[in-house]
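Presented below is the structure to which this report refers.
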Amino acid sequence: MSRMLVLVYGVVAYLAFLAVFAASVAFVGNVGYVRGVDGGEQGAVAVSLAIDLALVALFGVPHSMMARPWFKEGLVRVIPRAAERSTYVLVASVTLGLVLWQWRPLPMSVWSVDASGVRAVLWGVSGVGVLLVVYSTFLTDHFDLCGLRQVWLHARGHSYAPTPFTERSLYRHVRHPMMLGMLLWFWSTPTMSVGHLAFAAGMSVYIFAGVALEERDLARRLGEAYVQYRTRVGRFIPRL
């Protein structure tokens, strides 16, 4: 694969990520240009729930598996190393897009808040969660995280070195600010349907499982420095 083709591949993967992320914001909030989590025609409850949970698993399992070092090393044997991260981003975007496309609505209400002030607060917290996810990507290196830095350096013939972890900004208070943002985003809603609950719960399982695996890998790679960081800084909630 030529360097230019790898660069184009990385850009396509990044654009796919941007499109699916924007669509997922509209999906969770039941607003915008895509069908929301409660939109569409309702089918049999048991069948719909089974399909929805299978879709979440279809996103979560490959997303967690492809982040493991052993998978990465196997993948770069068949594709250029510079394209590894872009492949991860592209697979995550395609599988999440499939979730949004094939989701089966379960609009039965779990809770619904009528007070306009409280509704506004809940929507605000959800919005803060979205912004926290986006902001967290820039606390390390947004373009490295999304694979663009790798393909750009490869196209220019430069060697790549991973961005070192630095304990700054939000990372001084919580170890996983991006995942905290996702939890706030998914769970903070004034109207919680069964379908939204299934989505939030399924994605939360993925988040907690993925974080546990990631921290195991980080402890192995960074050693005592990360172990000490983990004892000082809370996973999702700041320690007093």
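Exposure proxy ranking for R119, R175, R220, based on other Cβ atoms within 10 angstrom of each Cβ and starting from the fewest, stands as R220, R119, R175. In terms of its C-alpha gyration tensor, the stretch 181-240 has an oblate overall shape, because the principal axis ratio a/c (a ≥ b ≥ c, square roots of the eigenvalues) is not below 1.5 and a/b does not outweigh b/c. Checking the a/c ratio against 1.5 first, then a/b against b/c, what shape does the Cα gyration tensor give for the stretch 1-76? In terms of gyration-tensor shape, oblate. Would you mind classifying the stretch 3-232 by shape? Square roots of the alpha carbon gyration tensor eigenvalues, ordered a ≥ b ≥ c; an a/c under 1.5 is rounded, otherwise it is prolate if a/b is larger than b/c and oblate if not. It is prolate, given that a/c is not under 1.5 and a/b is the larger ratio.
For the stretch 101-223, the fraction of C-alpha pairs farther apart than 19 angstrom is 62 percent. Among the GluC sites (Glu not before Pro) in the stretch 167-230, those located in a DSSP loop and surrounded by at most 16 other Cβ atoms within 10 Å of their own Cβ are E167.
In this structure, L222 and A115 have a Cβ-Cβ separation that, at R0 = 30 Å, corresponds to a calculated FRET efficiency of about 0.05. What is the angle, in °, between the Cα long axis of helix 177-187 and the longest principal axis of the Cα atoms in the chain? Nearest 10 is fine, range 0 to 90. For 177-187 against the chain, the angle is about 20 degrees. Annotation: for a label point projected 7 angstrom from Cα along Cα→Cβ of V11, residues of the stretch 148-166 with backbone N closer than 16 Å are 148-157.
For chymotrypsin sites (Phe, Trp or Tyr not before Pro), the sites in the stretch 1-55 that DSSP calls loop and that have at most 15 other Cβ atoms within 10 Å are Y33.
Going by neighbour counts of Cβ atoms within 10 Å, the residues T140, T87, T231 line up, fewest first, as T231, T140, T87. Shown for R35, R77: other C-beta atoms within 10 Å of each C-beta, ranked fewest to most, produce the order R77, R35.
Each reported figure results from applying straightforward, stated rules to the coordinates on display, with no laboratory input. Owing to the predicted nature of the structure, the values given are computational and were not obtained by experimental measurement. Cβ: placed from backbone, ideal geometry, glycine included. Neighbour counts: every protein chain shown.
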